[in-house]
Amino acid sequence: MSISAETLKNSNSSYLSQGFKAVWPICIGYIPLGIAMGVLGQKAMLTPLQVLAMSLMVFAGSGQFIAVSMISAGAFIPSIIATVFMINLRHLLMSSSLCVYMKKVSPVKLTLLSYGIVDETFAVNIEKLKKGNWGPRRAIAVNFFAYFSWALSTFTGCYFGEFIPEGSFGIDYALTAMFICLLIFQLNGSIYFITAVISGIVAVFLAMTLEGNSYIVISSIIAASIGVIIKKRKNYNEQ
Amino acid sequence: MTDNLMVFITILCSAAVTYSLRLGGLLLSEKLPSSGKFKIFMDALPGTLLLSLIAPGIASSGLWGGIAAICTAVCTYRTGNVFLAMITGVGIVALSRYFC
């Protein structure tokens, strides 16, 4: 082995080990969540391969939970896609925040990096990037360790999901519990709390009056728009 | 359309929209507004979506579903531990089904 090749190998293993050190708690945390997601997928009549394909191709925890719940509810494809698009809109902002630290990075690395941007990997990478001594290779390693941990957990959950009877252990409540957890992390300020409450009230009202799942998108847009109006008025009054 | 084809199309389209957002943010970062109405709207959207998804379900899940929701929220807020919070919510529902 030439010196340069050996150096390159050591360098790559260093990136991988540093990436793993940064992301392993998230990988562990993904196991129960991924298994819960896989079980829900199985209850929605998805096969383990379909769940694995979804995890490998979409890799978005909340987006996948939502897609699976809407598939099981018999929602139309455009409605599911629109909801996944909206729930993952935040990834646009996350990746644009990461971009500040990715100047002069090749398009290939940017593509690889973008493949694994989710809430958790973003949180790890942005913290490391802000501190310095962190680059695209380590960030990509973080993303892909989390990616494979998630995919494997969901596949396992779906594979063994058929052995878990319907409604047992309250596993069907895992989806609601997961959404509540994600919601709490989103409420960074009174304005977001208010808009979420408005959204919930409008959603309950619309769910009783509208057919299908269209109430999800409609109530979200109404509440977020009201949030913009409230914020603008608050800023105006403060001036 | 078969169920398998529908699931496949859903997965494919979900992947396409998700990656276009992730890659779009990296490629168009300088053109996205980082303040103003767009930013407020975007920040508020995930929370509103999540609550609009679960609110009708919680409203129809009865007393124990509501208690489990509150306990899950409090546990998440106090500990920041998703796994513990999920176990709390799921555990309350499981126990209520067993004993009530």
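A few notes on this one:
- Long pairs among A:Lys232/B:Lys39; A:Lys21/A:Lys128; A:Lys109/B:Lys31; A:Lys104/B:Lys31; A:Lys234/B:Lys37; A:Lys21/A:Lys130, criterion Cα-Cα beyond 19 Å: A:Lys109/B:Lys31
- In Hz, Karplus ³J(HN,Hα) per residue of segment A:93-100 (6.51, -1.76, 1.60; θ = phi - 60°; x = Gly, Pro): 6, 4, 5, 5, 5, 5, 4, 4
- Between segment A:191-210 and segment A:94-108, the alpha-carbon center distance in angstrom: 36 Å
- By the helix-only formula, in which each DSSP H run with n ≥ 4 contributes -39500 (n - 2.57) and the sum is divided by residues, the protein assembly as shown has a 222 nm mean residue ellipticity of -27500 deg cm²/dmol.
- With θ taken as phi - 60° and the Karplus curve 6.51 cos²θ - 1.76 cosθ + 1.60 applied, the whole-hertz 3J(HN,Hα) list for segment B:80-85 is x, 9, 5, 4, 4, 5 Hz, x standing for glycine and proline.
- Percent carbon-and-sulfur accessible area, chain A, ignoring ligands, DNA and RNA, probe 1.4 Å: 68 percent
- Drop in accessible area of at least 50 Å² in the complex versus isolated chain, residues of segment B:45-72, 1.4 Å probe: B:Leu45, B:Pro46, B:Thr48, B:Leu49, B:Leu50, B:Leu51, B:Ser52, B:Leu53, B:Ile54, B:Pro56
- Within the listed set A:Ser97, A:Ser106, A:Ser219, the residue fluctuating most in the Gaussian network model of chain A (springs between alpha-carbon atoms under 10 angstrom) is A:Ser106.
- Considered as an equivalent ellipsoid built on the Cα gyration tensor, segment A:5-101 has semi-axes of 32, 19, 12 Å, the largest given first.
- Cα-centre dipole for the protein assembly as shown with unit charges at Cβ (Lys and Arg positive, Asp and Glu negative), debye to 20: 1300 debye
- Loop-resident trypsin sites (Lys or Arg not before Pro) (DSSP state other than H, G, I, E or B) in segment B:1-98 with no more than 16 further Cβ atoms inside 10 Å of their Cβ are absent.
- When A:Trp134, A:Trp24, A:Trp150, B:Trp64 are compared by accessible area at a 1.4 angstrom probe, the order from most to least is A:Trp24, B:Trp64, A:Trp134, A:Trp150.
- Accessible area (Å², per residue) of segment A:3-171, counting only protein heavy atoms and a probe of 1.4 Å: 45 Å²
- Computed on chain A, with alpha-carbon pairs under 8 angstrom and 6+ residues apart, the relative contact order is 32 percent.
- Largest GNM mean-square fluctuation among B:Val17, B:Val82, B:Val90, using chain B with Cα springs under 10 Å: B:Val17.
- Positive dipole terminus of the protein assembly as shown, leading residue within A:Ala60, B:Phe8, A:Trp24 (C-beta point charges): A:Trp24
- Highest-MSF residue in chain B out of B:Ile70, B:Ile40, B:Ile11 [GNM, Cα springs under 10 Å]: B:Ile11
- Buried accessible surface for the B/A pair, both sides summed and rounded to the nearest 100, is 6300 Å² with a 1.4 Å probe.
- Dipole magnitude (debye, nearest 20) for segment A:41-159, charges at Cβ of Lys, Arg, Asp, Glu: 540 debye
The values are calculated or read from the model by the stated rules, or taken from the named source; none is laboratory data. Keep in mind that what you see is a predicted model, and the values were worked out from it rather than measured. Note that each Cβ is placed from the backbone with ideal geometry, even for glycine, and that neighbours are counted across all protein chains shown. Side chains included, ligands, DNA and RNA excluded: accessible areas come from the protein's heavy atoms. Shrake-Rupley method; radii C 1.70, N 1.55, O 1.52, S 1.80 Å.
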